[in-house]
Amino acid sequence: SSVFAGAAHAAEFPTKAINMVVPFAAGGPTDNVARSLAEAMRPALGQTVVVENKGGAGGTIGTANVARAAPDGYTILLMHIGFSTAPSLYKNPNYDAFKSFEPIGLVVDVPMTIIARSDFPPNNVTELVDYVKKNKDKVSLANAGIGAASHLCGTMLNSALGVDLLTVPYGGTAPAMNDLLGKQVDLLCDQTTNTTQHITGKKVKAYAVTSLQRVPTLPDLPTMDESGFKGFQVGIWHGMWVPKNTPQPVVDKLVSALQKGLADPKFQERMRGLGAEVLAEQANPKALTDKVAQQVPQWAELFKKAGVQAQ
Ligand code: MLT
């Protein structure tokens, strides 16, 4: 019977390569985490983990894609906080954040940095606030689409500055960063897993970090909180999911492989160098379930206050 076959299949899982879907363009912060994690999980799985980039609509297209995949453990989703903002921003994202997936666990938490093209006039947060307010109809803000982490931070920035900047959406913040480096767009709020190299390489102007504590790898960057925006804080947590109805032994195997991957010293070193915190203690289904349950209403509240409607 299919139940028996399912059990047999689950017992020897995985017998072929696994696809890890990243719902943003290659080369961006989510992709950077995914590729390092795929490598770190390989030994425990005994199979390669192939990263597939499926960008668009703030990550909801790739997420919906995984919701529809066969529940056999061979398609896994690496997504972040956008998983919990999408319910407030998309009337029909083609999946249900609470019903379409089995959670595997939390992965990393990544702070964000507010950066600009290298010739943007303001030189610090105070000057940035004045400049943006005076030029609010001219300043452009890049993001990775409605529902992306960069969109969430941009919404918080607009609210904090009392402006509604022209937004330029991209398939991920890798292409957004290319345009920022090319001085085609003015501002971007993006994760340290993408911005660290450009900040330390002085290829962009950096104003602040969005964590309440300064980021050790970017010690000269003040927090938004200490720069006069009390309580301005957003950390981009990342999680791993598989489609609903994936057999429990397969879920268990993936949870164990995730935990071993997060314990990998090379993975930990790489994440530390990019300012990311590895959530090894929360790499389990319950922690991710609780996180989503807490985050969906939290961000719904923020978007309501900011007057952002679902589309
Ligand atoms: C975002 O949400 O801004 C994405 O993480 C950007 C990306 O990973 O490309």
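For region 208-311, which GluC sites (Glu not before Pro) are both in a DSSP coil and crowded by at most 16 other Cβ atoms within 10 Å? Write down the numbers at each step before the final one.
Details: sites: GLU226, GLU269, GLU277, GLU281, GLU301; in loops: GLU226.
Sparse-neighbourhood loop GluC sites (Glu not before Pro): GLU226.
Dipole size of region 66-218 about its Cα centre, with +1 on Lys/Arg Cβ and -1 on Asp/Glu Cβ: approximately 320 debye, rounded to the nearest 20. Mind jotting down the distance between the C-alpha centroids of region 188-255 and region 99-118, whole Å? Using only Cα atoms to place each centre, the spacing works out to 6 Å. Restricting the trypsin sites (Lys or Arg not before Pro) of region 125-178 to loop positions (DSSP other than H, G, I, E, B) with no more than 12 neighbouring Cβ atoms within 10 Å leaves LYS138.
Using alpha carbons only, how many degrees (0 to 90, rounded to 10) separate the axis of helix 29-45 from the longest principal axis of the chain? For helix 29-45, the angle is close to 20 degrees.
Of all the C-alpha pairs in region 1-93, what % are more than 19 Å from each other? Walk me through the numbers before you get to the answer.
Numbers: 1982 of 4278 pairs.
So the portion of pairs separated by more than 19 Å is 46 percent.
Determine by what factor the alpha-carbon radius of gyration of the chain differs from 2.2 N^0.38 Å, reporting the quotient. Each step should come with its number before you reach the end.
Details: Rg = 19.4 Å, N = 311, 2.2 N^0.38 = 19.5 Å.
Here the Cα radius of gyration is 1.00 times the empirical estimate.
About its Cα centre, the chain has a charge dipole of approximately 300 debye under the convention of +1 per Lys or Arg Cβ and -1 per Asp or Glu Cβ, with nothing else charged. Placing +1 on the Cβ of every Lys and Arg and -1 on the Cβ of every Asp and Glu, with no other charges, gives region 224-283 a dipole of roughly 260 debye about its Cα centre.
Pairwise Cα separations in region 187-296 fall into 5 Å bins from 0 onward with the following percentages, short to long: 2, 10, 17, 18, 17, 14, 11, 6, 3, 1.
Spin-label pair LYS136-THR289: with each label point 7 Å from Cα along the Cα-Cβ axis, the two points sit 4.4 nm from one another.
Taking label points 7 Å from Cα along the Cα-to-Cβ direction, ASP252 and ASN124 give a separation of 5.8 nm.
Applying a DSSP loop filter and a limit of 13 other Cβ atoms within 10 Å to the trypsin sites (Lys or Arg not before Pro) in region 140-209 leaves LYS183, LYS202.
Residue separation times 0.36 nm, minus the C-alpha to C-alpha distance between LEU161 and ALA310: what's the value? Show your work: numbers first, answer last.
On the way: separation 149, 0.36 × 149 = 53.64 nm, distance 2.23 nm.
This chain segment gains 51.4 nm when fully extended.
Spatially, region 263-311 and region 52-85 are offset by 15 Å when compared through their Cα centroids. With each label modelled as a point 7 angstrom along the Cα→C-beta vector, the GLU277-LYS99 pair spans 3.4 nm.
Each reported figure results from applying straightforward, stated rules to the coordinates on display, with no laboratory input. Because the structure is a prediction, the values reported are computed rather than measured. Backbone-built Cβ (ideal geometry, glycine too); neighbour counts: all protein chains shown.
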